[in-house]
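The values are calculated or read from the model by the stated rules, or taken from the named source; none is laboratory data. Please read all numbers here as calculations on a predicted model, not as lab measurements. Neighbour counts run over all protein chains shown; Cβ positions are idealised from the backbone, glycine included. Only protein heavy atoms, including side chains, enter the accessible area calculation; ligands, DNA and RNA are left aside. Shrake-Rupley method; radii C 1.70, N 1.55, O 1.52, S 1.80 Å.
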Amino acid sequence: MERLIDHYALSSILWRPFGFLRRLLKVESCGITESKSLIPLAWISLIQKLSKAPNIFLLDQRKRFSTMPEIETGQRDSDLFSPPSDVRGMTKLDRTAFKKTVTIPVLKVRKEIVNKLIRSLKRAALQRPGIKRVIEDPEDKESRLIMLDPYKMLTNDSFEQAELSILKQLNVSPQISKYNLELTYENFKSEEVLRAVLPEGQDVTSGFSRVGHIAHLNLRDHQLPFKHLIGQVMIDKNPGITSAVNKINNIDNTYRNFQMEVLSGEENMTTKVRENNYTYEFDFSKVYWNPRLSTEHSRITELLKPGDVLFDVFAGVGPFAIPVAKKNCTVFANDLNPESYKWLLHNCKLNKVEKKVKVFNLDGKDFLQGPVREELMQQLGPLSKERKHSVHIVMNLPAKAIEFLGAFKSLLDGQPCGSERLPIVHCYSFSKDANPAEDVQQQAEAVLGISLEACSSVHLVRNVAPNKEMLCITFRIPAAILYKNHTLDLESREDPPPLKRHRTEKAFSEEKIAIA
């Protein structure tokens, strides 16, 4: 027994001044257990490792030791609060299989001083979501047990001096005891559950896009055998989520929606979302909605002033049109998808802007060459010279929007308006090019047949996938493009006033890093 105490006393000497070594060397903690032979072997291994480390020395003194055994042999820091290893490979969720018992250090205190003491033990107390830090003492109704951090509170000597002073003031013994804590499925985070279930070393899906009550996932091939379990875990671990779906094809059809599979939960895809203080309702399985574009919707909205005019060519369910209409702007919103058109009308009424938004169900080109052309003839005609509002055209169809720029060629008749009144286009596109800003500008120039260097800017919206960016090019439509019978004279023509100097690749890269 004396030899056992010597080894344990040595542990308190080593762990306090050199606590970082436990992580550095990844040595399993050990303590007083029934198997006495384990301790000498463990410490021989540790001392051998310490002897090889520079500037490490041992203090020849004895410290007090705790009666609490250290964390069970074989448990490392990384897996103390991990689910049991035998859930690996589970494809149908069995919540009962996640039960596990761990040994936690606790401090016994009188119940009347718990609230005062717990504030002083923030560092030492267990910080684990879903686990109470204070529990009743099963052996003493007048006492409580404060759960302590098993990684920090290894022995009685793990208390800092300030903590010991508080304990002394409150007449609390610093003696650490042990408590067998039972963990269940409810105690584990979604990422911990999935990391334990999926094949070791494989990527874990713990994130998703939230669309109202729906969790929208985009699973990879190696995750598909576990798809129903993953869906149920997402529902269990995220309050308010009642349905989990997985995208099973790309958004490459005419209506910009995608096929999806319900992984778990209810099959009702009609949902309600709040974005930038506006409410939208729609059937997620039949329309396009991306919660990651909230910032972009707000950015464009802020560019318009009361009285301005917006033409939203691919309006969806209204995330551009409705906020702009709320600013007392005139809005013309269009979408080819009949479902989007239906929900756009509904959301305009829901947000009380139905009188400010004219809604159309047309192909983008037909919308530009029909309602947009007619309105522009009035907005930019001779009788409107006194008007000082701006005209904006949003084209949010990144996969194809640039192709629709050709519809602006010779769109209007008559005498060109002043350059400062020319419409401002915000056109979205994807790029996989090494210089995405330059690539998008060149794509637009190729369709229009004119340089946009003097009148355009490119904004990085978001990173869609590795080496794939979503961008927005903003420019004033040159009069030489917009008006019929207007001679394109590259030397003598008056350029539209610049919106913003085109970003250099360095500036674009800095913005990309900031967004990432």
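Just want to confirm a number: the relative contact order over region 329-444, from Cα pairs under 8 angstrom separated by 6+ residues, in percent. Answer for region 329-444 is 24 percent.
With just the Cα atoms defining each centre, how far is region 117-152 from region 186-231? Give it in Å. When both Cα centres are located, 31 Å separates them. Counting charges near residue 227 (Lys, Arg +1; Asp, Glu -1) among other residues having Cβ under 12 Å from its Cβ returns a value of +1. Accessible-area rank, largest first, for 356, 365, 132: 132, 365, 356, with all protein chains present and a 1.4 angstrom probe.
For residue 328 and residue 173, what is the calculated FRET efficiency with R₀ set at 41 Å and r taken between the beta-carbons, to the nearest 0.05? E(calc), rounded to 0.05, equals 0.05. For region 293-444, what class follows from the C-alpha gyration tensor (a ≥ b ≥ c being the square roots of its eigenvalues): rounded when a/c is under 1.5, otherwise prolate if a/b is larger than b/c, else oblate? It is rounded, given that a/c, with a ≥ b ≥ c, falls under 1.5.
Each residue, residue 266 and residue 442, gets one label point 7 Å from its Cα in the Cβ direction; the gap between the two is 5.1 nm. With 10 Å bins beginning at zero, the pair-distance distribution over Cα atoms of region 211-330 amounts to 12, 37, 30, 15, 5, 0 %. The share of alpha-carbon pairs in region 316-378 lying farther apart than 13 Å comes to 58%. Note: relative contact order over region 132-253, using C-alpha pairs below 8 Å and six or more positions apart, is 15 percent. Seen from residue 183, the other residues with C-beta closer than 11 Å to its C-beta sum to a net charge of 0, counting Lys and Arg as +1 and Asp and Glu as -1. Taking all Cα pairs closer than 8 Å and separated by 6 or more residues, the relative contact order of region 266-335 comes to 27 percent. A Förster radius of 35 Å combined with the Cβ-Cβ distance from residue 132 to residue 242 puts the calculated FRET efficiency at roughly 0.80.
The overall shape of region 178-246, judged from the alpha-carbon gyration tensor, is oblate: a/c is not under 1.5, and a/b is no greater than b/c.
Of the GluC sites (Glu not before Pro) found in region 151-237, those that fall in a DSSP loop while having at most 14 other beta-carbon atoms within 10 Å are 160, 200.
Computed with a 1.4 Å probe over protein heavy atoms only, the accessible area of residue 484 comes to about 90 Å². The residues packed around residue 302, meaning those with a beta-carbon under 14 Å from its beta-carbon, carry a net charge of +2 if Lys and Arg are +1 and Asp and Glu are -1. For region 309-441, the fraction of 1.4 Å probe accessible surface lying on carbon and sulfur atoms is 49 percent. Cβ-Cβ distance of residue 120 and residue 99, R₀ of 45 Å, FRET efficiency by 1/(1 + (r/R0)^6): the value works out to about 0.85.
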